[in-house]
Amino acid sequence: MHPWIGAGPEDRQDLLHELGFETIDQLFERLPEGVCIDRLELPPAQDETALRRQFFDLGLNNTTAARKPSFL
């Protein structure tokens, strides 16, 4: 799997110019009121081990057609 490589500073500047802006602040100023929020209510950060465990536990809720009756 290839790592994701985000847009670099030159790419961002090119995109802004294409949209007619000089700075990212100018772009955000054009957004309608109510679209941007001041704060996200996120849970506290977790270390990688705890996060892996959480997703593993969520995965235990999944099932397959081999485990349940299927009439397909």
* To do: Using DSSP to define loop residues, name the GluC sites (Glu not before Pro) in the chain whose beta-carbon has at most 11 other beta-carbon atoms within 10 Å.
  => Glu22, Glu33, Glu41
* Along segment 37-54, what does the Karplus equation 6.51 cos²θ - 1.76 cosθ + 1.60 (θ = phi - 60°) give for ³J(HN,Hα), rounded to whole Hz, x for Gly and Pro? -> 10, 6, 8, 9, 8, 10, x, x, 5, 10, 6, 4, 4, 5, 5, 4, 5, 4
* Structure fact -> Here the gain from full extension of Glu33 to Ala66, 0.36 nm per residue of separation minus their alpha-carbon distance, amounts to 6.9 nm
* Measuring from label point to label point, each 7 Å out along Cα→Cβ, what is the Leu42 to Asp11 span in nm? -> 2.1
* Cleavage-rule hits, chymotrypsin sites (Phe, Trp or Tyr not before Pro), the chain, DSSP coil, Cβ neighbours within 10 Å at most 15 -> Trp4, Phe71
* With each run of n ≥ 4 DSSP H residues scored as -39500 (n - 2.57), what mean residue ellipticity at 222 nm is computed for the chain after dividing by its residue count and rounding to the nearest 500 deg cm²/dmol? -> -11500 deg cm²/dmol
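Give the range of the longest stretch in the chain that excludes all trypsin sites (Lys or Arg not before Pro) found in loop regions by DSSP and having at most 13 other beta-carbon atoms within 10 Å.
The answer is 1-29.
Laboratory data are not the source of any read-out in this text; all were calculated from the coordinates shown. Since this is a predicted model, take the numbers as computed values, not measurements. Virtual Cβ from ideal backbone geometry, glycine too; neighbours counted across all protein chains shown.
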